[in-house]
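Colleague: Let me give you the structure first, and then I'll get to my questions.
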Amino acid sequence: MLAMAAAQLGYRTVVLDPASSCPAAQVANAQIVGSYDDEQALDQLGAVADVVTYEFENVPEQAARHLAGQGRLFPGPDALAVSQDRLIEKDFLSSIGISTAAYRQVDSQAEIEPAVSALGGSAILKTRRLGYDGKGQARVQLNSPNDAFQELGSVPLIAEAVVDFDCEISVIVARSISGEVRCFEPAVNVHRNGILTESRAPSGQPGAVVVAAKVAGTKLAEALGYVGVLGLELFVMADGQIVANEFAPRVHNSGHWTEHASVTSQFQQHIRAITGQPLGDATSSPCHMINLIGDEVATVPALLADGGWQVHLYGKAQVRPGRKMGHATRLN
Ligand code: AMP
């Protein structure tokens, strides 16, 4: 989607990805097939590209630092590093006054019990690194007999208090090289098994919640000195308070609807930001987006038969349970 947005503005795109004919390469001008830590591949990319960006937060920090040392990498490696470690991320959010769930560092099975106890008797354990779409997570209760530490791979964890939220929203924020910030309308999101299934914008939340979400997103982008688009996921409590879950240093699935519903999509906004151009109007029409997960891709003919849905399939070769195959957006 970024490659398509870049093409719209007349840019040519080279994609570095370990899988040949990956979704982005299918709509880019060229691909370098290589792993994200292959220095030769990174050098090849750095040599041909005027600007480098990433849309996957598990690109190794070292690879980002390597490219940043060669020229223009946006967003910079510091934002990537903060988002890659859930503990550092929560420390950072707290340090700039954005509230999060209460949390504890957990480095062994023995540390689980006191952490869960301190967090009120139940908690969500998450691997600090490399988790996504609910992977690398386990709910634990006090005195539960399981060996959660081992089950999660015996790696550093964070224990989070279980947030009793009313709903989940997200705000997509763009910040340009000159420091201009624009937020899209926050969307309300529904997850199943930790995977986003649908988003609606506007969120239907009161104005104060919408403003608080935009203020938090803006504060985060500014504190990170961020250039590009980021997505901040928030829990909304019954009293209207917002609690940050996490942020993604990239265009975000809960903003894929901007492709059809916004004057400027999050993808074009990102390309504008990283190429040093002014941001576009982020105003959007009310809409509903559904993710097509695994077998749900079979509903595409029906979605197309109903002329109101705009379908975007990613070109993934294989359908797998839980795999995001595409999304569809409908203007309300
Ligand atoms: P994450 O991978 O952190 O984005 O978590 C995936 C989903 O799990 C979130 O969108 C929430 O629905 C749920 N979740 C994550 N952390 C918490 C928490 N501390 N309390 C309640 N639900 C959570």
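Colleague: Across region 180-190, which residue is nearest to the ligand (Cβ to nearest atom) among those that are within 17 Å of the chain's Cα centre (by Cα) and of a type in the set (A, V, I, L, M)?
Modeller: V190
Colleague: Going through region 233-246 one residue at a time, which ones are away from the ligand (no atom under 11 Å from the Cβ) and part of a strand (DSSP E or B)?
Modeller: Scanning region 233-246 gives V236, I242.
Colleague: Any residue at all in region 63-78 that's touching a Lys or Arg at 6+ places or on another chain (Cβ under 7 Å), free of Cβ contacts under 8 Å to residues at least 40 places away in the same chain and of a type outside the set (S, T, N, Q)?
Modeller: Within region 63-78 (the criterion being touching a Lys or Arg at 6+ places or on another chain (Cβ under 7 Å), free of Cβ contacts under 8 Å to residues at least 40 places away in the same chain and of a type outside the set (S, T, N, Q)), the answer is yes, since at least one residue qualifies.
Colleague: Go through region 191-212 and report how many residues are more than 9 Å from the ligand (Cβ to nearest atom), closer than 19 Å to A238 by Cβ and either out of contact with any strand residue (DSSP E or B) (no Cβ under 6 Å at 6 or more places or on another chain) or not hydroxyl-bearing (S, T, Y) (or both).
Modeller: 9
Colleague: Pick from region 247-268 the residues that are surrounded by 23 or more Cβ atoms within 10 Å (Cβ to Cβ) and in a strand (DSSP E or B): which of them is nearest to the ligand (Cβ to nearest atom)?
Modeller: So the residue we want is F247.
Colleague: Take region 269-294 and flag every residue that is outside any loop (DSSP other than H, G, I, E, B), of a type outside the set (K, R) and under 25 Å from V82 (Cβ atoms).
Modeller: Passing the criteria: Q269, H270, I271, A273, I274.
Colleague: Is it the case, given these coordinates, that S35 is among the hydroxyl-bearing types (S, T, Y), exposed (fewer than 14 other Cβ atoms within 10 Å of the Cβ) and either out of contact with any strand residue (DSSP E or B) (no Cβ under 7 Å at 6 or more places or on another chain) or part of a strand (DSSP E or B) (or both)?
Modeller: Yes.
Colleague: I need the full set of residues from region 213-244 which are of a type outside the set (A, V, I, L, M) and surrounded by fewer than 21 Cβ atoms within 10 Å (Cβ to Cβ), in order please.
Modeller: Result: K214, T218, K219, E222, G225, E233, F235, D239, G240, Q241.
Colleague: OK, next. If you go through region 63-77 one residue at a time, how many are in contact with a Gly (Cβ under 7 Å, 6 or more places away or on another chain) and either closer than 22 Å to V155 by Cα or in a helix (DSSP H, G or I) (or both)?
Modeller: Number of matching residues: 2.
Colleague: Give the residue, chosen from V229, V300, that is among the β-branched types (V, I, T), touching a residue at least 40 places away in the same chain (Cβ under 8 Å) and not in a loop (DSSP other than H, G, I, E, B). Lay out the reasoning, then the answer.
Modeller: On the way: V300 fails: touching a residue at least 40 places away in the same chain (Cβ under 8 Å).
So the residue among V229, V300 that is among the β-branched types (V, I, T), touching a residue at least 40 places away in the same chain (Cβ under 8 Å) and not in a loop (DSSP other than H, G, I, E, B) is V229.
Colleague: How many residues are crowded, with 17+ Cβ neighbours inside 10 Å and of a type outside the set (D, E) if we restrict to region 40-80?
Modeller: Number satisfying all stated conditions: 22.
Colleague: I've got another one for you. Among the residues that make up region 148-165, is at least one of them among the hydroxyl-bearing types (S, T, Y) and either buried (at least 16 other Cβ atoms within 10 Å of the Cβ) or in contact (Cβ under 8 Å) with a residue 24 or more places away in the chain (or both)?
Modeller: No; the residues of region 148-165 include none that is among the hydroxyl-bearing types (S, T, Y) and either buried (at least 16 other Cβ atoms within 10 Å of the Cβ) or in contact (Cβ under 8 Å) with a residue 24 or more places away in the chain (or both).
Colleague: Please work out which residue is farthest from E57 (Cα to Cα), limiting yourself to region 106-142 and to residues that are of a type in the set (A, V, I, L, M) and more than 15 Å from the ligand (Cβ to nearest atom). It would help to see each step written out before you state the result.
Modeller: Taking region 106-142 and keeping what is of a type in the set (A, V, I, L, M), we get 106, 110, 112, 115-116, 118-119, 123-125, 130, 138, 140, 142.
Pick out the ones that are also more than 15 Å from the ligand (Cβ to nearest atom) and you get 110, 112, 142.
Details: A110: 30, I112: 27, L142: 32 Å.
Taking the candidates together, the pick is L142.
Every number in this text was worked out from the coordinates using simple rules, so none of it is lab data. Owing to the predicted nature of the structure, the values given are computational and were not obtained by experimental measurement. Heads up, the Cβs are rebuilt from the backbone with ideal geometry, glycines too, and the neighbour counts pull from every protein chain shown.
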